[in-house]
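Peer 1: One structure, as structure tokens, below. Some questions next.
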Amino acid sequence: FDERSGTAQAKDLLTKTDLACQEKAASILLDRIPGSSLLGEEDVAPGTDAAKRAAESAFAGTDACVWALDPIDGTANFVDGLPLSTISVGAVACDGDAPRVVAGVVYDPHRDELFGAVEGGGAWVSERGGARRPLTASSNQLEDAIIYAGAPPTLRALAPSLRGIAAVAPRARTMRLLGSAALMLAYVAAGRGAAYFECDLAAWDTSAGCLLVAEAGGVVTDASGNPYTPLTRQIVAAGPGCHAELLELVDSVGGARLDDEA
């Protein structure tokens, strides 16, 4: 593998497999909807500011579908052979006042699970053998909840993330950091844990997973409680039983927002 060049995200790995997966997925997706375009992680320079600009540019000035694609979400896990990486694709409609995710899938190749959601049509997981099971987010209160959090590769996001973890850990049943935003969001949608928060994510990380959570009956907001959009970078996603308490607790220490954006 090759490490990303530049200093913005020196810990963010890029492999030949990332590039090959994105190329293959892009050819399929762009052929599926003529006139659609791609917002792919591997086409964007490293760093928060570059990702933000890329998303704003991709969703502006078009009324066509934009595919938000992360070909391997959890590349560090993939490189070290940990079975905690996914492919995430969100279909973003840009024909209204603001972009919105209308469909999304997260595929876990290690367990052969395909998580899917359609706006207004619910969320489901297709398991081995093709059986499709509806997803329902957990109703657990915070004290009974497994909470996921991010392990960000940038120093800019590390301090707020650690503050959030330190605040939540004593109040929750336990916490887990899996290293794949899309996988953790899919698990929240499936009730395998009750919530997930992180302070600096991109549209390709979150678009499919956040729709999964919302369609499974969960709540997805930014750190101020505003509803999620594909431009939201601060994520608090949870089942209805603990979202409000988690949001208040995390925001009290700035655990889901960058310090220079507070």
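Peer 1: Which value in nm describes the separation of the simple spin-label points at Leu19 and Asp97, placed 7 Å from the Cα toward the beta carbon?
Peer 2: 4.3 nm
Peer 1: Counting other Cβ atoms within 10 Å of each Cβ, which chymotrypsin sites (Phe, Trp or Tyr not before Pro) in the range 138-230 have at most 10 and sit in a DSSP loop?
Peer 2: Here no loop site has a sparse enough neighbourhood.
Peer 1: Taking 25 °C and 0.890 mPa s as the conditions, I'd like the Stokes-Einstein D for the range 167-261 in µm²/s, using the Kirkwood hydrodynamic radius from alpha carbon pairs.
Peer 2: Using the Kirkwood radius from Cα pairs, D works out to 190 µm²/s.
Peer 1: Are there trypsin sites (Lys or Arg not before Pro) in the range 100-172 that DSSP marks as loop and that have at most 12 other Cβ atoms within 10 Å, and which are they?
Peer 2: Sparse-neighbourhood loop trypsin sites (Lys or Arg not before Pro): Arg128.
Peer 1: Round to a whole number: what % of the accessible area of the range 14-133 belongs to carbon and sulfur, probe 1.4 Å?
Peer 2: Percent of accessible area from carbon and sulfur atoms in the range 14-133: 53.
Peer 1: How much accessible area per residue does the chain have, counting only protein heavy atoms and a probe of 1.4 Å, in square angstrom?
Peer 2: Here the residues of the chain average 43 Å² of exposed surface.
Peer 1: Starting from the 7 Å offset along Cα-to-Cβ, what nm value, one decimal, do you get for the label separation of His110 and Glu261?
Peer 2: My value for the distance between the label points is 2.7 nm.
Peer 1: Once you list every other residue whose beta carbon is under 12 Å from the beta carbon of Ile235, what net charge do they have if Lys and Arg are +1 and Asp and Glu are -1?
Peer 2: Surrounding charge for Ile235 is -2.
Peer 1: Can you match volume of the Cα convex hull per residue in Å³ to one of these, (1) 128; (2) 119; (3) 206, based on a calculation from the structure here?
Peer 2: (2)
Peer 1: Can you give me the Cα centroid spacing of the range 141-218 and the range 83-107 in angstrom?
Peer 2: Answer, in whole Å: 17.
Peer 1: Next question, about the same structure. Calculate the tail of P(r) for the range 75-114: the fraction of all Cα-Cα distances greater than 14 Å, expressed in %.
Peer 2: 57 percent
Peer 1: Hey, got a sec? Which GluC sites (Glu not before Pro) in the range 61-138 land in a DSSP loop and have at most 15 other Cβ atoms within 10 Å?
Peer 2: Passing both the DSSP loop test and the Cβ count: Glu119, Glu127.
Peer 1: OK, next. Given a 1.4 Å probe and the protein chains all in place, what does the accessible area of Leu249 round to, in Å² to the nearest 10?
Peer 2: 20 Å²
The values are calculated or read from the model by the stated rules, or taken from the named source; none is laboratory data. Because the structure is predicted, anything quoted here is derived from the model rather than measured. Virtual Cβ from ideal backbone geometry, glycine too; neighbours counted across all protein chains shown. Surface areas here come from the heavy atoms of the whole protein model, side chains and all, with no ligands, DNA or RNA. Shrake-Rupley method; radii C 1.70, N 1.55, O 1.52, S 1.80 Å.
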